[in-house]
Amino acid sequence: MMSRLTVGNIFKVTVALLFFPFMPLLVLMIGVRRSNWKVILEGGLYVALVLAAVALPGTAAQFILSFFVVLGLIAVAGMRSYMLRDLWLHPRTRGPQVMTQSQPGAGTTPPEDLSSALAWSAALAKRNRSRLPSEAYASILETCQTLDAVIDAETRQPLGDPQFEYELSATVRDYLPSVLQNYVAIPPKMLETKQASGRTPNEELAEQLQLLAGQAETLHSSRHRRTSAELTNTGNFLRERFGHRQGGFDFGIK
């Protein structure tokens, strides 16, 4: 499971609460830190509105109006900071403390880096290939291949979408490793024994791997659909900007 209860995150939240009037600035700083232009614009808007409200002339009625406007902006910025927690409150991945029989010295939790975490899961599957059903093993490697393509594209050109980043991170660092670790921890003689759910561990594994494969395909399609849309938008701009120049460029020479 992924937990945000770390010393660093506790310190960040404490400082944010102590200096809560600066919540609009916090949103701006989150955007700058993560190079997310949408969050930068949002934070800049909050800061600009606060400054504009403070700069209003000083009649009693206007002072009260400014006070409530600023208070509302602080509240909105605070809620947005919480919604953007994936960008500044980094989770800590904690996997089940399980040691595989095939390699007792292997680490029990995947690394923080997405590529390394995915390689960790693939290596775990390969070490336990003899224990995994052949179809499950092939599904794991195919899912890892799909997720690797998504990670590679995201590394080269990040979308800057917090929800997409969270789903990709959770799938690679948490869901896939947990499924594999939970399965290899089951004694081989119990793999065909029906559990309380009415299904065997092998049946559970097949279903969970199918769901993970679907999630990987969804992430892959979403990532490249957005890239294609960006290419189309760029093409529309270029056609609008330069499409009328049928006679070539004169580079300002008459």
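The values are calculated or read from the model by the stated rules, or taken from the named source; none is laboratory data. Given the structure is predicted, the values throughout are model-derived calculations rather than measurements. Backbone-built Cβ (ideal geometry, glycine too); neighbour counts: all protein chains shown. Heavy atoms of the whole protein, side chains included, go into the accessibility calculation; ligands, DNA and RNA do not. Shrake-Rupley method; radii C 1.70, N 1.55, O 1.52, S 1.80 Å.
Annotations for the structure displayed:
- For the stretch 182-214, filtered to residues that are open to solvent by less than 50 Å² (accessible area, probe 1.4 Å) and within 21 Å of the chain's Cα centre (by Cα), the residue that is nearest to residue 146 (Cα to Cα) is 213.
- Exclusive hit being small (Gly, Ala, Ser), modelled with pLDDT of 85 or more and over 22 Å from the mean Cα position of the chain (by Cα), set 48, 60: 48
- Listed by position, the helices (runs of 4 or more DSSP H) enclosed by the stretch 83-158 that each have at least 2 residues that are at pLDDT 90 or above, closer than 30 Å to residue 191 by Cβ and open to solvent by 70 Å² or more (accessible area, probe 1.4 Å) are 134-156.
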